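Participant: Below is the structure I would like to discuss, written out as structure tokens.
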Amino acid sequence: MSIVNYKPEVLQAAVYYWQRRFRMLDWDIAVIFVPRETFHDGDTVADSNTDSRHRQAVIRVTERMELDEGFELDYRNAIAHEFVHVLLWDVPRPGKDGTPQWLFEQTVETIGRGIAALTPWDELSEVS
Ligand SMILES: [Zn+2]
């Protein structure tokens, strides 16, 4: 069992860092922590809701969870994954253009992990 946890302020600072990098400063993106029970699907640790018309998004992350043996959770990757969903708000949703849902999710995950790996987490932790 392995969890890489980060303070909420650091995760919010990371989102703001990505907003600057991806020129999304006209967006209001909030990170909120919610009880585990909020997600009815047992595997979900985060989700996002995007209102492109008002350039607003809310990323919800589970505040704490019990993990099964062998399951790893890195909040940095989880939050980056959701940021990519917000970033790709105008990309057609899976199904509409024939793209399988799993392929879309895998792509978002790969981009998210790349973004998380390139983020100066130590710097963001010092500022927050
Ligand atoms: Zn996803």
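Participant: Take segment 100-109 and flag every residue that is more than 12 Å from the chain's Cα centre (by Cα), more than 10 Å from residue 85 (Cβ to Cβ) and within 11 Å of the ligand (Cβ to nearest atom).
Facilitator: Those that are more than 12 Å from the chain's Cα centre (by Cα), more than 10 Å from residue 85 (Cβ to Cβ) and within 11 Å of the ligand (Cβ to nearest atom): 101, 102, 106, 107.
Participant: Just to be sure, is residue 113 within 15 Å of the ligand (Cβ to nearest atom), among the basic types (Lys, Arg), surrounded by 12 or more Cβ atoms within 10 Å (Cβ to Cβ) and over 20 Å from residue 7 (Cβ atoms)?
Facilitator: Yes: the conditions hold for residue 113.
Participant: Within the set of pairs 6 or more residues apart or between chains, which connect a residue that is within 17 Å of residue 55 (Cα to Cα) inside segment 8-26 to a residue that is aromatic (Phe, Trp, Tyr) and surrounded by 11 or more Cβ atoms within 10 Å (Cβ to Cβ) with Cβ atoms less than 7 Å apart?
Facilitator: 15/83; 18/83; 19/27
Participant: If you don't mind, there's one more thing I want to ask. Any residue that is more than 14 Å from the chain's Cα centre (by Cα), closer than 21 Å to residue 121 by Cα and modelled with pLDDT under 95 - is there at least one of those in segment 66-76?
Facilitator: Checked against the condition, which is being more than 14 Å from the chain's Cα centre (by Cα), closer than 21 Å to residue 121 by Cα and modelled with pLDDT under 95, segment 66-76 yields at least one hit.
Participant: Are any residues in segment 17-42 aliphatic (A, V, I, L, M) and under 14 Å from residue 56 (Cα atoms), and if so, which ones?
Facilitator: 24, 25, 29, 30, 31, 32
The values are calculated or read from the model by the stated rules, or taken from the named source; none is laboratory data. Because the structure is a prediction, the values reported are computed rather than measured. Don't worry about glycine lacking a Cβ; one is built from the backbone with ideal geometry, like all the others, and counts go over all protein chains shown.
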